[in-house]
Every structure is written in structure tokens, then in C-alpha cells.
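These notes are about the structure you will find just below.
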Amino acid sequence: MRAKVRRFFKGNPAQLKVARVLYKYGFRVSENGDILCGDIRIPAVQIAEEASVDRRAVDATSETILNNEELREIFSNLRPVPFLKGIARPLGLGLIEIIPTDATQAGIISEVTNVISDQGLSVRQSIADDPYFTAQPKLTIITTELIPGEVVEELRELPSVKSVVVY
């Protein structure tokens, strides 16, 4: 998808930065050009600050998106997802991050969750960064209970896993 989006913003690095922010947070562009998180309007100045661009670049990006059917299809359907990473510990949940050897490789999530489930743990949430939009993508797994050391060691032995970070 990165190549597709980049193609539309070729020659417009500020708009590409805005598009990355929209994608990262699951912000969508409404039919009237507003940036929304769910149904909550996000001011253009806030998006501009996060993307390190001028506010006018946000408006121009919305316009570019609305004037292109392919971009409109992508950016009008994005949705935010509640991420449990920040509250896993207070809730008594297990939290690990997997840094893959190659995030574009197929089957990483399957390999990791098989190891976890083989040890009798349930996955509560699994979020993988998009390797085409993230410089160092990782797989974040939140389990219903703390993760024992044996599971961590077994995960480290997987060929698709570069490293495991336990929180």
C-alpha cells in the first residue's frame, strides 16, 4: 500500500507526512474534508503539529484524498483501534513485543501465537505494525496473564524472531 499512497503524493512530501499520520492513528477523512477519529473532529492544526507540517498541508491532503477515488476509498474507511499496551500491566495482563527478522515475511503472527497458545495462554490483543509505513515494525502481543520465561525463550528460538521485549 505504501507504494500506492506514495504515488499519489509524489512531489508533495508534506502531504505524504500528513497521510502517514492519518494512517498511523486510524484517522479518516470525511466527505467534507474533516479529519475524524471515529466521529470526533480533529483540528487541522493538531494534525499539522504531529506531522511537522503547516496546517495548509493538512487541508491540501484532505483535498487530494477527496479528489482521488482510490485514496478516498482508503482514507475514508480508516478506524482507530483501542490499544491495550499502555494499560496491560495495571490490568495484570502479559505484554511482549516481537521484533521480527523480516516483518514482510508471512506467518510471523501464526508462529508467535502458536507458541503462546501451546503454553496454555490466551491472546487478548495482537497488533502488528505495518512494515510499509513503520521504520522498525513490531508485533505487540497482550495475553490474559503474565508471560512465563519458558515462553519467552521459545519465542526467541523462532527463526522469524529477531528479539523479544517483555514488559
(message) Taking R0 as 30 Å, what FRET efficiency do you get between Gln136 and Asn32 from their Cβ-Cβ distance, rounded to the nearest 0.05?
(response) 0.25
(message) Between 0 and 90 degrees, rounded to the nearest ten: what's the tilt of helix 55-66 against the longest Cα principal axis of the chain?
(response) 90 degrees
(request) Calculate, in nm to one decimal, what Arg41 and Arg124 gain on full extension: separation in residues at 0.36 nm each, minus their alpha carbon distance. (result) 26.9 nm
(message) Could you work out what % of the accessible surface of the range 14-167 is carbon and sulfur, using a 1.4 angstrom probe and leaving DNA, RNA and ligands out of the count?
(response) 48 percent
(request) Assuming a ≥ b ≥ c are the square roots of the Cα gyration tensor eigenvalues, decide whether the range 94-167 counts as rounded (a/c under 1.5), prolate (otherwise, with a/b larger than b/c) or oblate. (result) prolate
(message) Between Glu63 and Phe83, what is 0.36 nm times their sequence separation minus the Cα-Cα distance? Round to one decimal in nm.
(response) 4.3 nm
(request) Compute the long axis of helix 108-118 from its Cα atoms, compare it with the longest principal axis of the Cα atoms of the chain, and write down the angle in degrees, 0 to 90, nearest 10. (result) 40 degrees
(message) Whole angstrom only: what separates the Cα centroid of the range 4-42 from the Cα centroid of the range 82-147?
(response) 26 Å
(message) At a threshold of 8 angstrom on Cα-Cα distance, excluding pairs fewer than six apart, so keeping six or more, what relative contact order does the range 35-80 reach in percent?
(response) 31 percent
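Net charge around Glu150, counting only other residues with Cβ within less than 13 Å of its Cβ (Lys, Arg = +1; Asp, Glu = -1)? All intermediate terms of the calculation are to be shown ahead of the outcome.
On the way: positive: Arg156; negative: Asp118, Glu153, Glu154, Glu157.
Here the charged neighbours net out to -3.
In debye to the nearest 20, how big a dipole does the range 18-153 give about its Cα centre with +1 on each Lys and Arg Cβ and -1 on each Asp and Glu Cβ?
So the dipole magnitude of the range 18-153 works out to roughly 380 debye.
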(message) Order 87-98, 14-25 from most to least packed using the mean count of other Cβ atoms within 10 Å.
(response) 14-25, 87-98
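Given only helices, namely DSSP H runs of n ≥ 4 each adding -39500 (n - 2.57), what is the per-residue ellipticity at 222 nm of the chain, to the nearest 500 deg cm²/dmol?
-11500 deg cm²/dmol
The values are calculated or read from the model by the stated rules, or taken from the named source; none is laboratory data. Every value quoted in this text rests on a predicted model; they were computed, and no experiment measured them. Every residue, glycine as well, gets a Cβ built from its backbone with ideal geometry; the counts of neighbours run over all protein chains shown. To get the accessible areas, we keep the full protein, side chains included, count just its heavy atoms, and leave off ligands, DNA and RNA. Shrake-Rupley method; radii C 1.70, N 1.55, O 1.52, S 1.80 Å.
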